[in-house]
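Reading through the C-alpha cells given below for one structure.
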Amino acid sequence: MTSHLLTGVRPYGEDPTDILLVDGAIAAVGPEASAQASQDTVRHDLEGLVALPGLVDIHTHLREPGGESAETVFTGTRAAAVGGYTAVFAMANTTPVQDSAGVVEQVLRLGREAGWVDVHPVGAVSAGLKGDRLSDMGAMARSAARVRVFSDDGRCVSDPVLMRRALEYVKSFDGVIAQHAQDPRLTEGAQMHEGAVSAELGLQGWPAVAEESVIARDVLLTEHVGSRLHVCHLSTAGSVDIIRWAKARGIRVTAEVTPHHLLLTDEMARTYSPLYKVNPPLRTSADVEALRQALADGTIDVVGTDHAPHPLEDKDCEWAAGAFGMTGLETALSVLIETMVSTGRMGWRDLARVMSATPARIGRLSDQGQDLEPGAAANVTVVDPDVRRTVDGAAQWTSSDNTPYAGTELPGQVRATFLHGRPTVLDGVPVVAAGSRA
Ligand SMILES: NC(=O)N[C@@H](CC(=O)O)C(=O)O
Ligand SMILES: [Zn+2]
Ligand SMILES: [Zn+2]
C-alpha cells in the first residue's frame, strides 16, 4: 500500500509537525515521520492546517434503500468525506426498514463498495418502525454489520414496555438504544417550537415537554434495567437538565446535539421557508445557549449531524406541507468552529472528543476516533480553520439541496480526509475513484 506523509500539519491545532501513514495506520508523528518516509511516499504539503482524527457521525440518514431520489449511500458518504468524516452511522428509516440482517448487510455492502467512509448501519428497534414489537436485533448484532446502535429515529419508541424490552435485549451484546424523544400525542400536528413565535405565526406548537418527558422516562427505565441509552438531537434547556441529573446519578446515558440546534432558532420560521423545518424543531436562543454550555461542559457528549436529505419537491412548498429535516454533513465542522471554537468555548481537542472519539466509543468502534498517535488507524481530517466560505447548496456533494445555510458565510474548510491511510478528499474535493477499496 502507498504511504502518505502529511507535512507541516498542526495536530489538534498545536505545533506544526509531520504525520506518516503506512498500511492503514499512523506509523509516526514528528521528526521520525519524514525520516521513515520512503521514496514512494506521497507527500502532502499541509503547512499550518489543523489535523484531527477522522470525524465520526453517530446520526446520518443515507436514504438508501428506497429514498435514492434524495440520497444514495454513495452520494451521502461522499458528502461525509468532504465534511471530514471517516465513519457514519446510517439511520434505519429506509424503505425497506433496516430491521433485519439482510437489509443492514445490504447497506454495509453499499458502503464498502462506495469506499468513502466506514458505514455502520443502525438497526431498527421495532419491526418496520411500527412501534409494536421488537425487530430481530440479535440477528442484526450477529450479522456481518455487527450492529450495536439501535434506533427507530424519525419516530419515538413511545411504548414504555417496548422501550424496556429493547433496553434489556441490547445488554447481552453491549448495544445501545438511540432514542428519538418525542411524545407523539403531545406533538400531533405540530409544525414548530411552541412559544411566542408559533403563537404569532399561527403555526401549531411543539412543546419542549414533549421531548423532556420522554427523556425523563427513558433515563429512569435505563437505570431500572441497568442498560445503555443514547438520546438523539437534544433541543431544549430542560432536556439538558434531565441529562445532567441522570449522569450525576450514575445512569449510563449519552446525549447528542446537532449543529443546527447550536446555531439556529425558531425565529427562522418567520421566513416560512421549510428549509428551517426540522425534527425536533429549532428552539429559542435560551435553549441554544444551554446546549452550547452543555456541550462545552460535557453534559452533552457528541455532535451528530442528523443529515436528513429530502428531494426538492418536499421542501419547495408551503411550511405546513414541507418535510422535516436538513442536510448537515458538509457544514457540521464549520458550524462547530463558528459556535464553539471561535467563541473560545472549546479547543480542537474538545472538538475531536465530541465529533470523533466519543461517537466512536458510543458505537463501539475500535478503529475510529483514536488519538493522532503512532499505532492508531490512519483516519485523519485536515482542516483550514481560517478560510471563510459562503455556503452554496447546489455546489454541495450531497444529492439534496436542503441546507439551511445557503448564502451564509461560515468559517473553516476541510482540505483533506484520509480513510484507513488512503486519501478520500484532497484540496477540498473528493478523490476520483477513491470510491473503491482496491
Ligand atoms: N430530523 C428530521 O427532521 N428528519 C429525519 C428524522 C429524524 O431525525 O427524526 C428524517 O429522516 O428526515
Ligand atoms: Zn430523530
Ligand atoms: Zn435523524
Around Leu410, with a cut-off of 13 angstrom between Cβ atoms, what is the net charge of the other residues, counting Lys and Arg +1 and Asp and Glu -1?
-4
Between Arg43 and Phe173, what's the calculated FRET efficiency when r is the beta-carbon distance and R0 is 45 Å? Round to 0.05.
0.55
Give me Tyr276, Tyr85 ranked fewest to most by other Cβ atoms within 10 Å of their Cβ, as a rough exposure proxy.
Tyr276, Tyr85
Given labels modelled 7 Å from the Cα in the Cβ direction, how far is it in nm from Thr271 to Lys130?
4.0 nm
Rounded to a whole number, the Stokes-Einstein D of region 13-143 in µm²/s (Kirkwood radius over Cα pairs; 4 °C; 1.567 mPa s) is 77 µm²/s
Karplus-derived 3J(HN,Hα) from phi for region 410-420 (6.51 cos²θ - 1.76 cosθ + 1.60, θ = phi - 60°), whole Hz, x at Gly and Pro, runs 10, x, x, 8, 6, 9, 8, 10, 10, 10, 6
Quick check: the distance between the Cα centres of region 227-246 and region 353-422, to the nearest angstrom?
25 Å
Output the relative contact order of region 54-362, whole-number percent, from Cα pairs under 8 angstrom with separation of 6+ residues.
17 percent
First measure r as the distance between the Cβ atoms of Ser285 and Asp23, then evaluate 1/(1 + (r/R0)^6) with R0 = 56 Å and state the FRET efficiency to the nearest 0.05.
0.70
Ranked on Cβ counts within 10 Å of their own Cβ, fewest leading, Arg10, Arg252, Arg185, Arg270 go Arg185, Arg270, Arg252, Arg10
Environment charge of Glu212, counting only residues whose C-beta is closer than 12 Å and scoring Lys/Arg +1, Asp/Glu -1
-3
Express in nm, to one decimal, how much length is gained between Asp371 and Glu68 on full extension, taking 0.36 nm for each residue of separation and deducting their alpha carbon distance.
105.6 nm
According to the square roots a ≥ b ≥ c of the eigenvalues of the Cα gyration tensor, what is the shape class of region 330-438, taking rounded for a/c under 1.5, prolate for a/b larger than b/c otherwise, and oblate for the remainder?
oblate
Ala321 paired with Arg185, simple spin-label distance in nm, labels 7 Å along Cα-to-beta-carbon:
3.3 nm
Lysines within cross-link reach of Lys171: Cα-Cα under 21 Å, excluding same-chain residues under 8 positions apart?
Lys247
Give me the lysines in straight-line cross-link reach of Lys277: C-alpha distance below 26 Å, same-chain residues under 8 apart excluded.
Lys130, Lys315
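What net charge do the residues around Val288 carry, taking every other residue with its C-beta under 12 Å from that of Val288, with Lys and Arg at +1 and Asp and Glu at -1?
Working: positive: Arg283, Arg292; negative: Asp266, Glu267, Asp287, Glu289.
Taking every Cβ under 12 Å from that of Val288, the sum is -2.
Size of the dipole of region 54-362 about the Cα centre, Lys and Arg at +1 and Asp and Glu at -1 on the beta carbon, nothing else charged, in debye to 20?
Numbers: 29 positive and 39 negative charges, 223 e Å.
Here the size comes out at about 1080 debye.
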Cα principal axis extents for the chain, largest first, Å
65, 46, 43
Apply the Debye scattering formula to region 41-117, with a single equal point scatterer on each alpha-carbon and no solvent, then give log10 I(q)/I(0) at q = 0.22, 0.24 Å⁻¹.
-0.97, -1.11
Which of Val387, Val225 has the fewest other C-beta atoms within 10 Å, and how do the rest follow up to the most?
Val387, Val225
Computed E for Glu409/Ser34 - FRET, C-beta separation, R0 41 angstrom, nearest 0.05
0.65
If you average the alpha carbon positions of region 150-191 and of region 282-304, how far apart do those two centres end up, in angstrom?
22 Å
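Values quoted throughout were computed directly from the atomic coordinates according to the rules given, and no laboratory measurement underlies them. Please read all numbers here as calculations on a predicted model, not as lab measurements. Don't worry about glycine lacking a Cβ; one is built from the backbone with ideal geometry, like all the others, and counts go over all protein chains shown.
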